[in-house]
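Undergrad: Starting off with a structure, shown below.
The values are calculated or read from the model by the stated rules, or taken from the named source; none is laboratory data. If you're wondering where the values come from, they're calculated on a predicted model, not measured in any experiment. Virtual Cβ from ideal backbone geometry, glycine too; neighbours counted across all protein chains shown. Accessible surface is based on the protein model in full, side chains and every heavy atom, while ligands, DNA and RNA are left aside. Shrake-Rupley method; radii C 1.70, N 1.55, O 1.52, S 1.80 Å.
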Amino acid sequence: MTTLDKLDDRVAAQAFRRLVRHLRHRTDAENIDLMGLAGFCRNCLADWVSEASDGSLDRDAARETVYGMPYAEWKAKHQGEATPEQIARMNASVARNRQEAELDAELDDSFPASDPPSITQPGG
């Protein structure tokens, strides 16, 4: 269990709400730029909320929760046309996410079988 897993749910919820409020305030930080820099955006966050809700929030409801308004309305007010450079950065970032997820899966599959017996077996 990591320190993140040990984080109190109440504290995590407060931090999450602060992140969402910050993203609502920073409408100048467009999703395409967030994707290019961090590999996630408001839509990703909404998808994670929807997935975590076990079906109680569909994608549109989760997006409205994150955006504070229907996604189409936010998009019309705050989202410009993406430049080729922004799209290229986003595509590279998405590829990096995919690569890291594949590496994580490979590592999960390889442990502890790839560990030497001295690590996995007492006295080995």
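Undergrad: For Leu107 and Thr65, FRET efficiency with R0 = 35 Å and r from the beta-carbon atoms, rounded to 0.05?
TA: For R0 = 35 Å, the calculated efficiency reads 0.60.
Undergrad: Something else now. When ranked by the protection proxy of mean other Cβ atoms within 10 Å per residue, highest first, what sequence do the peptides 22-32, 64-74, 94-104 form?
TA: For the peptides 22-32, 64-74, 94-104, the packing ranking is 64-74, 22-32, 94-104.
Undergrad: Determine the gain in length on full extension of the stretch Arg98-Glu51; use 0.36 nm per residue of separation and subtract their C-alpha separation, reporting nm with one decimal.
TA: 15.1 nm
Undergrad: At 1.4 Å probe size, with no ligands or nucleic acids counted, give the accessible surface of Val11 in Å², nearest ten.
TA: 60 Å²
Undergrad: Only one of the listed values, [x] 65, 38, 24; [y] 32, 30, 24; [z] 82, 32, 21, was derived from the coordinates as Cα extents along the principal axes in Å; which label is it?
TA: Derived directly from the coordinates: [x].
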